[in-house]
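Since the structure comes first, as structure tokens, the remarks are kept for the end.
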Amino acid sequence: MLRAGTALTCLACRKLVTTSPGVRVPLQTLNPLSRAIHHRGSPGTSLHRAPPRSAVRHFNSLSRPPLRPARPLPRGPGFQPRRSFWVARLATRLLRLRYLLLGSAVGGGYTAKKTFDQWKDMVPDLSEYKWIIPDFIWELDEHIDFEKIISALPDAEELAKLLPDFEKIGENFSFLKGLVSKGMSVVSEVKGASDLHLLLESSGESTFRTTGNQGFDSNDKQYKKVSDKEKADQLQEELLRTQMKYQRMLERLEKENKELRKVVLQKDDKGIHQRKVKKSLIDMYSEVLDVLSDYDSNYNTQDHLPRVVVVGDQSAGKTSVLEMIAQARIFPRGSGEMMTRAPVKVTLSEGPHHVAMFKDSTREFDLSKEEDLAALRHEIEIRMRKSVKEGQTVSPETISLSVKGPGIQRMVLVDLPGVISTVTSGMAADTKETIFSISKAYMQNPNAIILCIQDGSVDAERSIVTDLVSQMDPQGKRTIFVLTKVDLAEKNLASPSRIQQIVEGKLFPMKALGYFAVVTGKGSSSESIDSIKDYEEDFFQNSRLLKTGMLKAHQVTTKNLSLAVSDCFWKMVRESVEQQADAFKASRFNLETEWKNNYPRLRELDRNELFEKAKNEILDEVISLSQVTPKHWEAILQKKLWERVSTHVIENIYLPAAQTVNSGTFNTTVDIKLKQWTDKQLPHKALEVAWETLQEEFARFMSEYKGKDQDDIFDKLKEAVKDESIKRHKWNERAEDSLRVIQHNALEDRSITDKPQWDAAIQFMEETLQSRLNDTESVIKDMVGPDWKQRWLYWQNRTPEQHVRSETRNELERLLKVNEDHTAYLANDEVTTVRKNLEARGVEVDPILIKDTWHQLYRRHFLHKALSHCNLCRRGFYYYQRHFEDSELECNDVVLFWRIQRMLGITANTLRQQLTNTEVRRLEKNVKEVLEDLGENNEKKVQLITGRRVQLAEDLKKVREIQEKLEAFIEALHQEK
């Protein structure tokens, strides 16, 4: 409406009230309609002035052209000038008012459109930030068309029809104001999403300020400020209601789509084929990451493929955020204690059923059933504890898990152990450093997306992870910041603006692509995902953080977070995957060239293939043990057993018995000592000999040359298998008792049945005594030093001790010549006599040295006599059959050696039967068990099968597999586009 100053009166009014000079008509006598049009501010006007409206003020900013004076009407006969002029002027004013209203409406709409276009031009290209803003914001632009708004305005004729009805005109202006307000809401939403507050606010304020000053005087400025504040509050509330409405609509549609997806994926063949590419795409990518993890667990080579790495302080809510994205409570939980002890790689993909499965297992866990959820959490906890080595708290070994379900965003996330500031009791001393190294290993990947989780309920200064993230990604080009427990933060913080500083990136030194605020429940482990979602939605709907504009709608809820992370993940994948494929292609070429140059005639066998080849060779060698002939076993066993017990037989049985006076005493002494020996030592010694023989034969078969195909690369493995198999082998416990009985019976028998047995016993005795005599001669030679021949011919000299022993030997030999039947021990007076004789020749000697020398000399003297007696007994079998009656020849020592020889033969035969029937098979079983254990232990295989050739073949296999999987994934990725 047009306004006139209160101090002036329009020209028409003056002409109406001044009919003649000196005569004035009061203003109150004017027509009420005229007063309402021209003098709304006068006291006598019955039509009161309505309060100005903000929308009208925008349209009144147009300047009004000055009124032109009315043309004089022609006066005809009988014309009444005063009445006709008033009516004409009134009609003219009304007609002008109609066109002014129409022009103001159309001009105001055009000005609003032009102003909005200017704002729209000032907004920069936000395509790079489109992944942050929910999709429904961009869809609003499709529903607002200002050309349609202008075309929808009424034309002049329709407006003229409605001219007398001022309420209709007000409704039209309200309609225009509502349309423009919606445009302003869209700009405000885009302005919040793009984070360009200063640019848009300054430009918007200047525009409104310019248009407002054109139509308002200084008296309305204060009123305008108040109304603008009220309008901003109303717009903010309306925006929140609209956003919540869209959010509820989206969630309702998502729930309906989940059911539709299930039907499509299960029943529609065409639908299954169409969705198969999308469903398997992330699984193909996850397989590539699994192979890469095995190939380069320390990320030292080309593994720069994107992952979403979830890092945060301990108990900051990392696991809860991941569970909200996976839509299931899949991780073990604890109150304050460290639960994530190893990296967990979770592959999220879409599927008809909500299930989970481990990479190395075929069991599916139904995540809609609580018992399967509990079993899954228990299995994850067991795998974590198994991966942790003894003496450690955390492990770098990755646990791979896939989760599928309708509506789940496709991506690969890695949940890392929480960063700690202090090592508590029960933890390893290097736990803090180990967690840092694991986190850095994942975050240093230039294509890894870092999902930084910060606990909003604690002081921001206590956070450690933000410094770590800022070190790994100082520019914030691949970091997404998530503030958890916002409900507790709003309740506990004295200044809620601190939350705004955090989500605007002004509090921490780190930078990020986006900032999100989420609520992950009330802290109870029994809460379901649906209840947490409802609680999160209710909180943000009623939160003053949104109502006051501290948080933007696109920055809240885990749903928006998962959408943003998924978009960022796939954007990073598409940008980097082909470059990584080219890098692995180059690596493959280099490795193949090295193999051709260094190992041109060998097959490219990796570590597992080499292990299988070695395993077959070892099993063949073990089987060959059963093919050893019984004669070979018994010969080896008898020889080794006699070597083990011969010293005891000669020193403790034969020599003491030989010192006796007569044959009766000899036999009694022999029987007693043989019984004691059999009860205490002999069976155990025999089993030891058998076990050692089995080991030696097993080692001989495993180490002997197999021809040109023999590969020394298996030496470490064979040695380890042999040692571990022998370590695990235990001889049959009942074998010793049965062997003792057999040996007792063999040693008690004295009946030599024929002459060959007698001759064999004599030969055995003669060989044994001769061997002992040779040993004794060697000892005496070392004691006395070189003889005269060696001294003269080879210029060898004796030591002083050897000289003393040589003189002592000469003196003792004269004593033995005098008394050839001397006993085995020297009497004290004989020792004194020998020493005095030596001192008389100037040789100082100790009595102990005399006794030691005597022992060896007498042993040699006795063995010479025994050998002479053995030669005499060759003809004594006849006297043996007559029990040496009426004969001076007694050969009881030959009978003793026959008993020993027979015992050795029987024991060797018994041990051979045990070996071939039982122990070889048990050893073969142990070898198989050891090989199976080694086959499952990759670390052991790496230690035992080593060398550049093995590593080169291993790298070739992995790189080829990675390249093939990457190429298949890239092809599927292009098909999806």
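The values are calculated or read from the model by the stated rules, or taken from the named source; none is laboratory data. Keep in mind that this is a model prediction, so the values were computed, not measured. Counting neighbours? That spans all protein chains shown, and the Cβs are built from the backbone with ideal geometry, glycine included. Heavy atoms of the whole protein, side chains included, go into the accessibility calculation; ligands, DNA and RNA do not. Shrake-Rupley method; radii C 1.70, N 1.55, O 1.52, S 1.80 Å.
The range 775-856 holds helices (runs of 4 or more DSSP H) entirely within its bounds, and those carrying 1 or more residues that are touching a Ser or Thr at 6+ places or on another chain (Cβ under 9 Å) map to 800-818, 828-840.
Filtered by the rule that a residue be open to solvent by less than 40 Å² (accessible area, probe 1.4 Å) and touching a Gly at 6+ places or on another chain (Cβ under 6 Å), the range 527-560 gives Glu527, Ile532. When Val556 is tested against the conditions (1) free of Cβ contacts under 8 Å to residues at least 12 places away in the same chain; (2) closer than 27 Å to Asp467 by Cβ; (3) β-branched (Val, Ile, Thr), the lone failure is (1).
If you check Gln409, Gln454 for being open to solvent by less than 40 Å² (accessible area, probe 1.4 Å), of a type in the set (S, T, N, Q) and under 27 Å from Ile330 (Cα atoms), only one passes: Gln454.
Residues checked against (1) modelled with pLDDT of 90 or more; (2) assigned to a helix (DSSP H, G or I); (3) at positive phi:
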{"residue": "Gly549", "(1), (2), (3)": "no, no, yes"}
{"residue": "Val573", "(1), (2), (3)": "no, yes, no"}
{"residue": "Gln579", "(1), (2), (3)": "no, yes, no"}
{"residue": "Phe589", "(1), (2), (3)": "yes, yes, no"}
{"residue": "Arg603", "(1), (2), (3)": "no, no, no"}
{"residue": "Asp620", "(1), (2), (3)": "no, yes, no"}
{"residue": "Val628", "(1), (2), (3)": "no, no, no"}
{"residue": "His632", "(1), (2), (3)": "yes, yes, no"}
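Taking every residue in the range 753-780 that is more than 30 Å from Ile850 (Cβ to Cβ) and open to solvent by 40 Å² or more (accessible area, probe 1.4 Å) and pairing it with any residue that is in a helix (DSSP H, G or I) and not small (Gly, Ala, Ser), at least 6 positions away or on another chain, the pairs with Cβ-Cβ distances below 6 Å are Lys755/Phe877; Glu766/Cys870.
Between Leu563, Leu488, the distinction of being touching a Gly at 6+ places or on another chain (Cβ under 9 Å), within 23 Å of Phe331 (Cβ to Cβ) and open to solvent by 60 Å² or more (accessible area, probe 1.4 Å) belongs to Leu488 only.
Looking only at residues that are touching a residue at least 40 places away in the same chain (Cβ under 8 Å) and more than 15 Å from Gly549 (Cα to Cα) in the range 495-514, which one is farthest from the chain's Cα centre (by Cα)? Among them, the one singled out is Leu507. Out of curiosity, is Ile970 open to solvent by less than 30 Å² (accessible area, probe 1.4 Å), touching a Leu at 6+ places or on another chain (Cβ under 8 Å), touching a residue at least 60 places away in the same chain (Cβ under 8 Å) and β-branched (Val, Ile, Thr)? The answer is no for Ile970.
Apart from one condition, Thr424 fits all of (1) polar (S, T, N, Q); (2) closer than 24 Å to Leu563 by Cα; (3) over 21 Å from the mean Cα position of the chain (by Cα); (4) assigned to a loop (DSSP other than H, G, I, E, B); the exception is (2).
Figure legend. Inter-residue proximity from the range 424-447: first residues farther than 14 Å from Gln392 by Cα, second residues of a type in the set (Lys, Arg), beta-carbon distance below 9 Å, spacing 6+ or different chains. Indicated pairs: Tyr442/Arg307; Asn445/Arg307; Pro446/Arg478; Asn447/Arg307; Asn447/Arg478. Just one of (1) within 22 Å of Glu961 (Cα to Cα); (2) of a type in the set (Val, Ile, Thr); (3) out of contact with any helix residue (DSSP H, G or I) (no Cβ under 7 Å at 6 or more places or on another chain) fails for Val577. It is (3). The condition (being at positive phi, of a type outside the set (A, V, I, L, M, F, W, C) and either crowded, with 19+ Cβ neighbours inside 10 Å or modelled with pLDDT under 90 (or both)) is satisfied by just one residue among Gly935, Gly876, Gly842: Gly842. Of all residues in the range 780-837, those being basic (Lys, Arg) and in contact with a Gly (Cβ under 9 Å, 6 or more places away or on another chain) number 3.
Results for (1) small (Gly, Ala, Ser); (2) outside any loop (DSSP other than H, G, I, E, B), shown as yes or no for each residue.
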{"position": "Gln454", "(1), (2)": "no, yes"}
{"position": "Pro474", "(1), (2)": "no, no"}
{"position": "Ala489", "(1), (2)": "yes, yes"}
{"position": "Lys506", "(1), (2)": "no, no"}
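Here Leu605 fulfils each of the conditions (1) closer than 30 Å to Thr918 by Cβ; (2) out of contact with any Gly (no Cβ under 7 Å at 6 or more places or on another chain) apart from (1). Applying the criterion of at least 2 residues that are closer than 30 Å to Leu934 by Cβ and not β-branched (Val, Ile, Thr) to the helices (runs of 4 or more DSSP H) found wholly in the range 656-762 leaves 682-703, 715-728.
Which is open to solvent by 30 Å² or more (accessible area, probe 1.4 Å), assigned to a loop (DSSP other than H, G, I, E, B) and modelled with pLDDT under 90, of Ser280, Ser335? I'd like the intermediate steps shown before the answer.
Values: Ser280 fails: assigned to a loop (DSSP other than H, G, I, E, B).
Selected residue: Ser335, the only one of Ser280, Ser335 that is open to solvent by 30 Å² or more (accessible area, probe 1.4 Å), assigned to a loop (DSSP other than H, G, I, E, B) and modelled with pLDDT under 90.
Could you say which residue among Lys631, Lys585 is in contact with a helix residue (DSSP H, G or I) (Cβ under 7 Å, 6 or more places away or on another chain) and open to solvent by 80 Å² or more (accessible area, probe 1.4 Å)?
Numbers: Lys631 fails: in contact with a helix residue (DSSP H, G or I) (Cβ under 7 Å, 6 or more places away or on another chain).
Selected residue: Lys585, the only one of Lys631, Lys585 that is in contact with a helix residue (DSSP H, G or I) (Cβ under 7 Å, 6 or more places away or on another chain) and open to solvent by 80 Å² or more (accessible area, probe 1.4 Å).
Are any residues in the range 361-415 of a type in the set (Gly, Ala, Ser) and either closer than 17 Å to Met339 by Cα or assigned to a loop (DSSP other than H, G, I, E, B) (or both), and if so, which ones?
Looking only at the range 361-415, we keep the residues that are of a type in the set (Gly, Ala, Ser), and these are 361, 368, 374-375, 387, 391, 395, 400, 402, 405, 407.
If the condition is that a residue be of a type in the set (Gly, Ala, Ser) and either closer than 17 Å to Met339 by Cα or assigned to a loop (DSSP other than H, G, I, E, B) (or both), then Ser361, Ser368, Ala374, Ala375, Ser387, Gly391, Ser395, Ser400, Gly407 are the ones that fit.
Would you mention how many residues in the range 594-620 are polar (S, T, N, Q) and either within 28 Å of the chain's Cα centre (by Cα) or farther than 13 Å from Arg949 by Cα (or both)? Break it down into steps so the answer makes sense when it comes.
Start the filter on the range 594-620 by keeping residues that are polar (S, T, N, Q), which leaves 597-598, 608, 616.
In the following step, the residues that additionally are either within 28 Å of the chain's Cα centre (by Cα) or farther than 13 Å from Arg949 by Cα (or both) were identified as 608, 616.
Number of matching residues: 2.
Residues in the range 857-887 that are assigned to a helix (DSSP H, G or I) and small (Gly, Ala, Ser): how many? Before you say what the answer is, go through the steps one by one.
Taking the range 857-887 as the starting set, the residues that turn out to be assigned to a helix (DSSP H, G or I) are 857-875, 877-881.
Still in the list and also small (Gly, Ala, Ser): 866, 868.
So the answer is 2.
Val622 meets the stated requirement of being touching a residue at least 60 places away in the same chain (Cβ under 8 Å) and not aromatic (Phe, Trp, Tyr).
Residue-wise test of (1) open to solvent by less than 30 Å² (accessible area, probe 1.4 Å); (2) of a type in the set (A, V, I, L, M); (3) in contact (Cβ under 8 Å) with a residue 40 or more places away in the chain; (4) farther than 26 Å from Arg922 by Cβ.
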{"position": "Ile636", "(1), (2), (3), (4)": "no, yes, yes, no"}
{"position": "Ile650", "(1), (2), (3), (4)": "yes, yes, yes, yes"}
{"position": "Asn662", "(1), (2), (3), (4)": "no, no, no, yes"}
{"position": "Asn667", "(1), (2), (3), (4)": "no, no, yes, yes"}
{"position": "Gln676", "(1), (2), (3), (4)": "no, no, no, yes"}
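Remark: pairs (first residue in the range 807-833, under 13 Å from His861 (Cβ atoms); second residue outside any helix (DSSP H, G or I) and modelled with pLDDT under 90; Cβ separation under 8 Å; 6+ apart in sequence or on different chains) = Leu815/His822; Leu816/His822; Thr823/Gln659; Ala824/Gln659.
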